[in-house]
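Inspection log for the structure reproduced underneath, given as structure tokens.
Just so you know, all these numbers are worked out from the coordinates, no wet-lab data involved. Worth saying up front: this structure is predicted, and the values here are computed from it rather than measured. No Cβ is skipped: glycine too gets one built from the backbone with ideal geometry, and neighbour counts run over all protein chains shown.
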Amino acid sequence: MEGDPYGRFNVTKNFTIVVANPLDRSVQSAYLLTIRSGVHNTRVKNGARCHGFNGACKCPPGWKGVACDIPKQDVSITTTPSDPRDIYISANITFHCKAHHVEVRSMSITFQNVTTKVTFGVNETDFEVSNIQPTNSGPYTCQVRDTRGNTLNTTFVLNVTNCAPDTKGARCDEVCGCLQGASCDRWAGCVCPPGWCQKKCPNGTYGQDCARNCTCLNGASCSPSDGTCDCTDGWYGKDCSKPCKNGRFGWRCQQVCTCKNNATCSNVDGICACVTPWTGQNCDQWQTSRDEPLALLEILVSLGSLVLLVAIVMAILYKTGILACSAPDTDEEDKILFELRRMEQDLAQSLKPGWLGRWEKKIKHLTPGPLIGEGMFGLVRKGKLRTPEGELAVTAKTVRVEDSQSYRDFYREAAILVAVHKERDGDYRESNIVRLVGLITKSAEKYILLEYAPKGDLLSVLCRIRITTEEDKLGNLLGYAVHIARALQELERLRIAHRDVAARNVLITADDVAKLADFGLARDVYATTQYVRCNRPGVDELLPLKWMALESIENGEYTCQSDVWSFGVLLWEIATLGKDPCYDGRMQLSFLQMVGILRQGIRLERPPGCPEDLYGLMRSCWRDVPDTRPTPEGIEERLLQLRRALLPHDVIEMETVV
């Protein structure tokens, strides 16, 4: 097992993972993440699951704390089967009730206010329901009474509505018998997949119930599932409306014409249309005649006139700027820009035509390495990119599920990195935003290729040095904060909000430079204290609640000023060496609770040993009114003053020289 994309794991031994069901990738991924997290952070115990990308950990039932090593009096209820798809009418289900770190006096399972099973003196019990029916739906409560008279309980809500696989009807006694991979709905019967309606869609139609018309031209066939055109020889483009460019012919325009002497090449079959006096298959044979001298003179005059005309036309086109290198197909680029304008108008305006194609790399030049992160956004691999200068180590992030949210997240991160690169005019030496290496968008798998940061993320760095006792370590760490303040300045100039400024999203390069990364894309395996599922109407996503500004929580407003609020929490993380933020003594808060606490003026408390000036800077970042918060430039200036007060003078001079 090698390191993660930013070098957080260094393990030389190989691991073999055996999963009972090889198709259950979620189980395999959980084991992978557990192994990685356990190797990276040896303090995490008791089977806690940790994110291999940002270090967030989720404790199992019965444990709590940063290391998941603090016993928690708790009671849990689970089911077999655990997958909701396997819970259907006529199936069997078993409820497992278990108490953790509790001296149990009695344990009971209750359904619809009726106690169904009671045990004494044991810390776990099972309750089976056979041949489950809709009448069995409802809350099942596991209640535990300990020897001190305390009561603990938890509830599982069973919802039985589906028939067994391939059955339908009010009594689930009819067989669907669906073909072509169609799903079986209890009431509608077979639900055809795209491109099928009991049989293949007729020519010229595609999609669900074959209700959409193909747009393919020039004899191209249309995929019945998604309408993709399979162009005939000599044509290309989304709808196969573009003939092969001069010099190319055949299927996908892959063949090279062999015509010579200004002959015209057929875009379909490559047959040469010769210009007199040339003949032959490739127009490379001279056609002789009795009037050859006169004919030759006429040809030369004609050719001279033609060359002169072509030169004049090309000069005009060049002067007017019409003549240019052929641009890539802009359909995909236009679609992306449309989505970006809906989300962030300023970001869309900063992109120039062709921004996507200019960063395109070939999939054959990428050698994906081991899987080092998997989640809602997609997969993250360590890879090698073949370049003219040699192989380059990269972090390759790819979309795993092609839904609308993943699509927007993928291209938002790509667009921001392209905009930053353009703003720096290609010079990344002074940038504190992770460097974009390239994009791969024209293959089945789409990748964002980023620079490799071997020292890992800032949160891991903070946790690793928490046990050290260096007196000047805070001054050293504030250097990273200075770097991120400069990254916020870059984003402010582009009028782009990061939305998730936190230590877990800051990378440390080999040159000990902190760079801002991960524009809100890795939140799948998470600690409940770090990301909370939003329950606002029309919004379903995981949000970093304790890092968010008040206006972001209340109204979903993200600006450079809201990033400054999050930066204040990042400073608090640095001062506490990576502890999880805690408001009003509570680790977990809902959206309404968080708003109530912040509206009362409650903020994160001053960390032990934190200088008053540094905590004052944090407090200024957490002001209610966004315009009253300090600017990134002002933050950098104040941090530099604090560092000068904390670090020895010779260290400051040495850093200035470097």
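Peptides 148-156, 432-440 ordered by packing proxy, namely the average of other Cβ atoms within 10 Å per residue, highest first: 432-440, 148-156.
Amide H contacts of E360: L439, each under 5 Å away and 5 or more positions distant or on a separate chain (H built 1.01 Å from N in the peptide plane; Pro and chain starts excluded). Please list, in chain and number order, the residues 5+ apart from L158 or on another chain whose amide H is under 5 Å from its amide H, with Hs placed from the backbone. Close amide H contacts, sequence-distant or interchain: G138, Y140. Stokes-Einstein diffusion of the stretch 97-239 at 25 °C, 0.890 mPa s viscosity, Kirkwood radius from Cα pairs, rounded to a whole number: 123 µm²/s. In terms of surrounding Cβ atoms within a 10 Å radius of their Cβ, F410, F127 rank from fewest to most as F127, F410.
Under 5 Å between amide hydrogens, built in the peptide plane, is the criterion, and for T387 it picks out L392 among residues at least 5 positions away or on other chains. In order along the stretch 435-450, the Karplus-derived 3J(HN,Hα) couplings, from 6.51 cos²θ - 1.76 cosθ + 1.60 at θ = phi - 60°, round to 7, 7, 9, x, 10, 10, 10, 9, 10, 4, 9, 9, 10, 10, 9, 10 Hz, and Gly and Pro are given as x. Spin-label model, A510 to R252: label points 7 Å out along the Cα-to-beta-carbon direction sit 3.6 nm apart. For the stretch 541-622, the equivalent ellipsoid derived from the alpha-carbon gyration tensor has semi-axes of 20, 14, 12 Å in decreasing order.
Per-residue 3J(HN,Hα) values for the stretch 581-587, derived from phi via the Karplus relation 6.51 cos²θ - 1.76 cosθ + 1.60 with θ = phi - 60°, read x, 9, 9, 6, x, 10, 7 Hz in sequence order (x marks Gly and Pro).
Projecting label points 7 angstrom from Cα along Cα→Cβ for R171 and D126 puts them 3.2 nm apart.
Local charge sum around N123 (other residues, Cβ-Cβ under 13 Å, Lys/Arg +1, Asp/Glu -1)? That sum, taken over residues with Cβ under 13 Å, equals -2.
Full extension of the chain segment joining D146 with D613 gains 163.2 nm, where the gain is 0.36 nm per residue of separation less the Cα-Cα distance.
Computed from phi, the 3J(HN,Hα) profile of the stretch 234-244 under the Karplus parametrisation 6.51, -1.76, 1.60 (θ = phi - 60°) reads x, 9, 8, x, 4, 10, 6, 9, 9, x, 4 Hz, with x in place of Gly and Pro.
When each of the peptides 567-580, 107-120, 215-228 is scored by the mean number of other C-beta atoms lying within 10 Å of its residues, the order from highest to lowest reads 567-580, 215-228, 107-120. Here the convex hull built on the C-alpha positions of the stretch 598-651 has a volume of 78 cubic angstrom per residue. A simple charge model with +1 on the Cβ of Lys and Arg, -1 on the Cβ of Asp and Glu and nothing else charged puts the dipole of the stretch 553-597 at about 160 debye relative to its Cα centre.
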